[in-house]
Amino acid sequence: MKRLWRFFPALPALMLSGCTVDLLQPAGPIGEGNRDMMVLEWAVMMCVVLPVIIATLVFAWKYRASNAKAEYLRNWSHSNKIEVFIWGVPILIILVLSGFNYWSTHYYDPYKPISKEMQVKVGAPNAKPLHVEVISLDWKWLFIYPDLGIATINELDVPTKTPLDFRITSDSVMTSFFIPQLGSQIYSMAGMETQLHLMASRPGNFQGEAAQYTGPGFSDMRFRTIAMPQEQFDAWVQNVRSGGNPLVVKEALDAQTYQKYHVPPAAPHDAAPKPAPVVYFSSVQAGLFENVVAKYNVGMTHDHHGKDMDEKAMDMHSESHAAAPSNTGM
Amino acid sequence: MLGKLTLSAIPYDVPILVGTFIGVAVIGIAVLAAVTYFKKWGYLWREWLTTVDHKKLAIMYVVLGLVMLVRGFADALMMRTQLALAYAGNPGYLPPHHYDQVFSAHGTIMIFFMAMVMMQALFNFVVPLQIGARDVAFPLINSISFYMTLVSAILINISLFIGEFSNVGWLGYPPISELQFNPGVGVDYYIWSVQISGIGTLLTGMNFLTTIIKLRAPGMKWMHIPVFTWTAFFACIMILTTFPVLTVSMALLALDRYVGMHFFTNDGGGSVMLYLNLIWSWGHPEVYILILPAFGVFSEIAATFSGKPLFGYATMVIATGIITFLGSIVWVHHFFTMGSGADVNTFFGIMTMFIAVPTGVKIFNWLFTMYKGRVRFEGPMHWIVGFMITFSIGGMTGVMMAMPAADWVIHNSLFLVAHFHNVIIGGVFFGYVAGLSYWFPKAFGFKMRDVWGKWAFRFWFVGFYLSFIPLYAVGLEGMTRRMNHYDNPNWHPWLLVACVGVFVLAAGVACQVIQFVFAAFDAVNRKPDAHDLTGDSWGSGRTLEWSIPSPVPHYNFARLPVIRGLDTFHIEKELGRPAPVADLEPIHMPKYSAVGPVLGACGLVIGFALVWHIWWAVIVGLVVAFFTVIHRSANLDVDFYVTVEEIRADEEAFAKRLAAARAAE
């Protein structure tokens, strides 16, 4: 308790310091959509909630027992007019909100690629999407850029105004991939691939997190999302590829190196496990993501790119089977 | 011999647990010593532990619920203080290994062993009295229900001192609850305590559904049933339709963990999505099982203290039915983020939103019950005004989360945590506490001291907003639930405020404890004018329970009441009670039985032995339970008749008290 009070003098200062309310100050069209829906619903619902709260207080005060002046209808318990009103108003409001519900659930569907409309809005109608494969591990995030042949751990670097096309899986427990300021989150589940489409409309350094409890390392299972203009991003990619960046590790990310990172850090009983440091890989073995999905499915992967991928995954399987026999064995 | 159980399972190296253990041990020994000193063991066994009387079972449920409330609340205090400290490199005082068990225990205990227990207490006490029945349909099964609940609560508390509790949250999501990621006994404690209490709840649901359908007093048509009993009726329907799903999900998870099956594992064809669908198709109806009876309590209280009938009785019943139906088909809104298609998400989103319609109607009904009434602000009425304000806000944030496009960013955040505490505290908890103080004089013949109840309300009301508005805020700042430490400077001030809030709530809990301590004191030393002479404790009761003496005789009704419409007791007060046509008759009642406690003991042994893989003890427990049931089935000496003399004496005493009360006026 004593330690707690020490913080108190700092309280007003902290409240005044310009803090970011991530969900109300989004940095991309999806996040803006999430926010707009939230604010819209709040506003519409307030139209009923506020009058109800006021009426509760007014009625409670006006019809208090000591107020003999107020009218008292001791047997009154029904009124068709009021019934129509109390059913009608909520139904109308919910019908309106249902319309928005239908529209926004489809328009902002996480599985739907970023629309042309959104791209035009940020002023880059022709930007090609950037593919990122996301694997959640104990307790870190692995990001593979399949088109660029590089990968990172616990840091997601993306160009602004470019649709981000995420394929997500887990090589451990289930969790949720979430960058609050960019918008919607989606679960990562082992043996399955989920999808998410986001876009950053301005540069920034955003918090990214695991939004579903994953075990003792959960609180540190976070990553920074760094959005930068395309040129800067290209330069960063070059820097990683050439190994010029000090965060680049020596090994290429292949099945063997992957195993090293797959192992969870020790989790002592009396402390949190050490957070995983940011790491860059200058090259990545192709098909690693499919391989991770496949190893929980007796080598099969649900494929949406074409038949050849399936065969590739089958080839990979023999490798992964050797690496982690206990995971695939029945 | 002892399975996995070894000395190393005792956490003597964790000071918090050692301290707790010493505290519990001291209190426990003091209680046992007191019972021995006052030679009350025989009384306790004959009058309470073996009882099948629904009113005594209700009181035991309340005691259990209050103890569990304190336990669950201690967990809440620990979580909020941890998060106030664990900022910017400070690890706080609870490492994840301990903290994760604390939040899991908090959720499990508050839902299964506080809220569900209080709800069953209210069912037990109120339902038979409101419908003019002398007991429930299956009195012995009622006792067994209680013991299943009691031993599972004991089991979950044993996990504090022997082994560990689950660390994966109150719903035990796989795959992290699977053996591969969780080889300890924590999840097993969770599985078996939930499983055993689930059996108890299922039996309660069956028992009360039958009671309401079959044991209503002559003349009580469906639309004469008091609203609380209606809400119990719908809650029982939901219990019967959804608790078997919980049993199955827990059983499948247990099969995964005990015999290596693959229902929810990562590999071998298991699917976490299956578990999420199963557990939430129980879990969402569960919150309506909790809230509907609270709605019932508010309906009774609003009418009584407004001096008017409930506004829109038929509407209330219909709305409750609609909630029951809609509440059962919205479970997917707990995982809009799992990647379902837009059409699926839309369907479940819109269905969820529509629950706001019947719920909104109910709020308006209570509002118009106060309208043009004479509202007396005694203790119970405070909670309902606090509820209407708080629950409206909780309902609003609920509708916000029902829209998938909004839920995708607030799912699993502290915004969600704030939302469900908003409805569970502001709705369920306020309702049950109001119900406790409302029916307390019926059970004991005197009122609890109102001033402490009012202070409890004030602290709970203010404390709620102080604790949970900050959580809405940090949720909007992207903070997810179940974090153990953080370094985001924006969150810190809010979490400090929330910590202050939880101490205000603690003051509320303290007031409630004081209120009960005073009640125990008053039970022995109260002034004569504190007695409830008429049985109509609040002076404006409308339903049958207020027509009989307080405390209620063990057979409830000397003569079965004749129902003359909705609010029969109110009608009788207005028009006079018709003279009884027949003379008193002996009343057929069930005998008390040791079967409940014996089966409970078997349940505890089986549960504990399953957790630790002590197979011989599991078999012993099962065999004893089996032969207990056989023995009971062959026992024909299970009932007796209350003599006319006893009933007549009670009736004459009551008549004298009524006359005294009339003279005093």
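The values are calculated or read from the model by the stated rules, or taken from the named source; none is laboratory data. Note that this is a predicted model, so its numbers are computed, not measured. Note: ideal-geometry Cβ built from the backbone for every residue, glycine included; neighbour counts use all protein chains shown. Heavy atoms of the whole protein, side chains included, go into the accessibility calculation; ligands, DNA and RNA do not. Shrake-Rupley method; radii C 1.70, N 1.55, O 1.52, S 1.80 Å.
Against the condition surrounded by 22 or more Cβ atoms within 10 Å (Cβ to Cβ) and in contact with a Cys (Cβ under 9 Å, 6 or more places away or on another chain), how does B:GLY205 come out, does it pass?
Working: surrounded by 22 or more Cβ atoms within 10 Å (Cβ to Cβ): yes; in contact with a Cys (Cβ under 9 Å, 6 or more places away or on another chain): yes.
So B:GLY205 passes the test.
Could you check A:LEU196 against (1) part of a loop (DSSP other than H, G, I, E, B); (2) touching a Pro at 6+ places or on another chain (Cβ under 6 Å) and say which number it fails?
Result: A:LEU196 passes all but (1).
Residues being open to solvent by less than 40 Å² (accessible area, probe 1.4 Å) and at the interface with chain B (Cβ under 7 Å from one of its Cβ atoms): count how many of those fall in the range A:67-93.
So in the range A:67-93, the residues open to solvent by less than 40 Å² (accessible area, probe 1.4 Å) come out as A:67, A:70, A:77, A:79, A:82-83, A:86, A:88, A:90, A:93.
If we keep only those that are at the interface with chain B (Cβ under 7 Å from one of its Cβ atoms) too, we end up with A:77, A:82-83, A:86, A:90.
Here the count works out to 5.
Which one of B:LEU64, B:LEU85 is in contact with a Leu (Cβ under 8 Å, 6 or more places away or on another chain), under 18 Å from B:VAL428 (Cβ atoms), of a type outside the set (Val, Ile, Thr) and open to solvent by 10 Å² or more (accessible area, probe 1.4 Å)? Step through it out loud before you land on a result.
Details: B:LEU85 fails: under 18 Å from B:VAL428 (Cβ atoms).
Only one candidate qualifies: B:LEU64.
Hey, does the range B:162-182 have a residue that's in contact with a Phe, Trp or Tyr (Cβ under 7 Å, 6 or more places away or on another chain), part of a helix (DSSP H, G or I) and open to solvent by less than 10 Å² (accessible area, probe 1.4 Å)?
No, the range B:162-182 contains no residue that is in contact with a Phe, Trp or Tyr (Cβ under 7 Å, 6 or more places away or on another chain), part of a helix (DSSP H, G or I) and open to solvent by less than 10 Å² (accessible area, probe 1.4 Å).
Check off (1) open to solvent by 10 Å² or more (accessible area, probe 1.4 Å); (2) within 30 Å of B:MET353 (Cβ to Cβ); (3) not in a loop (DSSP other than H, G, I, E, B) for B:LEU255 and give me the number that stays unchecked.
(2)
Only one of (1) under 15 Å from A:VAL278 (Cα atoms); (2) assigned to a strand (DSSP E or B) is not met by A:VAL240, so which one is it?
(2)
It is to be established whether one or more residues within the range B:345-357 are among the aromatic types (Phe, Trp, Tyr) and more than 7 Å from chain A (Cβ to nearest Cβ). Spell out how you get there, then give the answer.
Going residue by residue through the range B:345-357, those that are among the aromatic types (Phe, Trp, Tyr) are B:347-348, B:354.
Okay, now just the ones that are also more than 7 Å from chain A (Cβ to nearest Cβ), so B:347-348.
Checked against the condition, which is being among the aromatic types (Phe, Trp, Tyr) and more than 7 Å from chain A (Cβ to nearest Cβ), the range B:345-357 yields at least one hit.
Here are some conditions: (1) open to solvent by less than 40 Å² (accessible area, probe 1.4 Å); (2) within 25 Å of the chain's Cα centre (by Cα). A:ARG224 meets all but one. Which one does it not meet?
Every listed condition holds for A:ARG224 apart from (1).
For B:SER392, work out the one condition from (1) polar (S, T, N, Q); (2) within 13 Å of B:SER299 (Cβ to Cβ); (3) at the interface with chain A (Cβ under 7 Å from one of its Cβ atoms) it doesn't fulfil.
Of the numbered conditions (1) polar (S, T, N, Q); (2) within 13 Å of B:SER299 (Cβ to Cβ); (3) at the interface with chain A (Cβ under 7 Å from one of its Cβ atoms), the odd one out for B:SER392 is (2).
Which one of B:ALA232, B:ALA294 is out of contact with any Gly (no Cβ under 6 Å at 6 or more places or on another chain) and open to solvent by less than 30 Å² (accessible area, probe 1.4 Å)? If you could, list the steps in order and put the result at the bottom.
Working: B:ALA294 fails: out of contact with any Gly (no Cβ under 6 Å at 6 or more places or on another chain).
None of the others qualify; the one that does is B:ALA232.
What about A:VAL240, is it open to solvent by 10 Å² or more (accessible area, probe 1.4 Å) and more than 10 Å from chain B (Cβ to nearest Cβ)? Spell out the reasoning first.
Numbers: open to solvent by 10 Å² or more (accessible area, probe 1.4 Å): no; more than 10 Å from chain B (Cβ to nearest Cβ): yes.
The answer is no for A:VAL240.
So in the range A:94-117, with the set limited to residues that are hydrophobic (A, V, I, L, M, F, W, C) and open to solvent by less than 30 Å² (accessible area, probe 1.4 Å), which one is farthest from A:VAL49 (Cα to Cα)?
A:ILE114
Would you mind telling me which numbered condition in (1) open to solvent by 30 Å² or more (accessible area, probe 1.4 Å); (2) free of Cβ contacts under 8 Å to residues at least 12 places away in the same chain B:ILE158 fails?
(2) is the only condition that B:ILE158 fails.
Given the conditions (1) open to solvent by 10 Å² or more (accessible area, probe 1.4 Å); (2) in a helix (DSSP H, G or I); (3) modelled with pLDDT under 95, and given that B:ALA519 satisfies all but one, which numbered condition is not satisfied?
(1)
Confirm whether B:TRP366 is more than 7 Å from chain A (Cβ to nearest Cβ) and either over 23 Å from B:PHE113 (Cα atoms) or among the aliphatic types (A, V, I, L, M) (or both).
Details: more than 7 Å from chain A (Cβ to nearest Cβ): yes; either over 23 Å from B:PHE113 (Cα atoms) or among the aliphatic types (A, V, I, L, M) (or both): yes.
In short, yes.
Among (1) modelled with pLDDT of 95 or more; (2) more than 10 Å from chain B (Cβ to nearest Cβ), where does A:ALA127 come up short?
Here A:ALA127 clears every test but (1).
Checking the structure you have, find out if any residue of the range B:99-108 is crowded, with 24+ Cβ neighbours inside 10 Å and of a type in the set (Asp, Glu).
Yes - at least one qualifying residue is present in the range B:99-108.
Tally the residues that are out of contact with any Asp or Glu (no Cβ under 7 Å at 6 or more places or on another chain) and open to solvent by 10 Å² or more (accessible area, probe 1.4 Å), restricting the search to the range A:175-206.
So the count comes out to 8.
Quick one: B:TYR313 ticks every box in (1) under 20 Å from B:SER540 (Cα atoms); (2) open to solvent by less than 20 Å² (accessible area, probe 1.4 Å) bar one, so which box is it?
(2)
Pairs only if they're at least six apart or on different chains, beta carbon under 7 angstrom, first in the range B:500-528 and over 30 Å from B:ALA84 (Cβ atoms), second open to solvent by 60 Å² or more (accessible area, probe 1.4 Å); list them, first residue then second.
The qualifying pairs are B:PHE518/B:ARG449; B:PHE518/B:TRP452; B:ALA523/B:PHE444.
Give A:LYS121, A:LYS112, A:LYS140 a once-over and let me know the one that is in contact (Cβ under 8 Å) with a residue 40 or more places away in the chain and touching a strand residue (DSSP E or B) at 6+ places or on another chain (Cβ under 6 Å).
Selected residue: A:LYS140, the only one of A:LYS121, A:LYS112, A:LYS140 that is in contact (Cβ under 8 Å) with a residue 40 or more places away in the chain and touching a strand residue (DSSP E or B) at 6+ places or on another chain (Cβ under 6 Å).
Looking at (1) farther than 30 Å from B:THR628 by Cβ; (2) modelled with pLDDT of 90 or more; (3) open to solvent by 40 Å² or more (accessible area, probe 1.4 Å); (4) among the hydrophobic types (A, V, I, L, M, F, W, C), which one does B:VAL598 not meet, given that it meets all the others?
Looking at each condition in turn, B:VAL598 falls short on (1).
Does B:PHE387 satisfy the condition of being within 23 Å of B:PHE112 (Cα to Cα), within 14 Å of chain A (Cβ to nearest Cβ) and under 20 Å from the mean Cα position of the chain (by Cα)? Don't jump to the end; show me each part of the working.
Details: within 23 Å of B:PHE112 (Cα to Cα): yes; within 14 Å of chain A (Cβ to nearest Cβ): yes; under 20 Å from the mean Cα position of the chain (by Cα): yes.
Yes, satisfied.
Would you confirm whether any residue within the range A:47-66 is exposed (fewer than 13 other Cβ atoms within 10 Å of the Cβ) and facing chain B (nearest Cβ under 7 Å)?
No; the residues of the range A:47-66 include none that is exposed (fewer than 13 other Cβ atoms within 10 Å of the Cβ) and facing chain B (nearest Cβ under 7 Å).
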